[in-house]
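In what follows, a single structure is set out as structure tokens and then discussed.
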Amino acid sequence: MERIPILRMGDILLVTIQVDMYDRLAMTLQDDLTTRIAENGARGVLIDISSLDVVDSFMGRILSNISLMASVLDAATVVVGMQPAVAITLVELGLSLQGVKTALNVGRGMTLLRAMIESRTEETEDVGREE
Amino acid sequence: MSVEKSETLAIHSEQDVISVRQAVKAWAIQLSFSLVDQTKIVTAASELGRNAFKFGGGGSVKLEIVSEGIRKGLRITFEDHGPGIPDIEQAMQDGFTTGNGMGLGLSGVKRLVNDFKIVSRVNEGTTITITRWK
């Protein structure tokens with residue numbers, strides 16, 4: 001079965017989507033990513049969609065789901081590299097990408113992801129101190 | 001309105017929806033659509049292709065290059081013989097989705113194209129025609 005590779009870099013998982021997404025492939029990615037977050041104790045997920053020239057409602061919902069599921073598993077998600085034409089189309093389509101953090105490119109995405117992971121860690125430490 | 005070129009593709013699997021997307025993209029490029037217009041019509045086709053497969057139990061799609069006066073456009077007709085849509089007015093409302101949340105209201109698709117026409121009969125099927133003019 002076709003799969004999208006997930007690379008591990010320290011406590012971050014990297015996904016670069018370079019093929020035309022069909023629904024089952026997107027669902028498999030969602031399952032694989034959540035499994036890997038738990039297995040590796042990953043704190044962050046970076047998804048590069050710069051090769052995607054179509055993000056329709058289904059793919060948008062998958063990106064939302066991945067972010068929410070990762071968040072429940074205490075990992076932050078950033079989606080990077082959306083093409084401008086895709087952004088215009090998504091907004092006109094009426095898709096909000098609820099809960100999805102985005103960045104223009106991988107570099108900025110990594111910075112954002114690091115900051116998100118740090119603030120999550122601080123929150124956890126604060127709770128620890130209060131107790 | 002005259003038709004310059006026409007092709008019909010079947011939609012019986014998820015892979016067929018991808019093929020439809022790729023065909024629409026190729027035709028949009030052939031018509032020298034801007035990148036944004038290409039993306040809009042391909043995304044609209046992706047939504048309607050999925051609907052035809054998932055809710056209409058499969059069907060077919062007809063791609064046409066049409067001309068009217070000096071303007072040219074890409075017209076795409078999706079046809080399925082599924083359960084049909086009982087309340088089109090409701091289905092056209094923003095934010096309307098079917099039970100499993102995997103279908104988007106048709107209103108979003110309508111915003112991506114210039115012309116949008118829907119004909120649906122319960123237990124007979126649904127035909128949706130969209131056109132994007134150059």
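Some points to look at:
- Unique residue being surrounded by fewer than 14 Cβ atoms within 10 Å (Cβ to Cβ) and either under 23 Å from B:Leu48 (Cβ atoms) or under 11 Å from the mean Cα position of the chain (by Cα) (or both) when the list is A:Val45, A:Val19: A:Val19
- Residue within region B:36-46 that is surrounded by fewer than 18 Cβ atoms within 10 Å (Cβ to Cβ) and more than 23 Å from B:Gln15 (Cβ to Cβ) present: yes
- Only one of B:Gly84, B:Gly59 that is in contact with a helix residue (DSSP H, G or I) (Cβ under 6 Å, 6 or more places away or on another chain), away from chain A (no Cβ under 14 Å) and touching a residue at least 12 places away in the same chain (Cβ under 8 Å): B:Gly59
- The residues in region B:1-39 that are in contact with a strand residue (DSSP E or B) (Cβ under 7 Å, 6 or more places away or on another chain) and within 9 Å of chain A (Cβ to nearest Cβ) can be counted, and the count is 2.
- Look at region B:110-134: where a residue is farther than 19 Å from B:Ser32 by Cβ and a partner is among the charged types (D, E, K, R), sitting 6+ places away or on another chain with Cβ atoms under 6 Å, you get B:Arg111/A:Glu92; B:Phe116/B:Lys110; B:Gly125/B:Asp80; B:Thr126/B:Asp80; B:Thr127/B:Glu79; B:Thr129/B:Lys117.
- The residues of region A:1-17 that are in contact (Cβ under 8 Å) with a residue 40 or more places away in the chain and either within 12 Å of another protein chain (Cβ to nearest Cβ) or charged (D, E, K, R) (or both) amount to a single one, A:Asp11.
A short reminder: the numbers here are calculations on the coordinates, not readings from a lab. As the structure is a prediction and not an experimental result, all values here were calculated from the model. All Cβ positions, glycine included, derive from the backbone under ideal geometry; neighbour counts span all protein chains shown.
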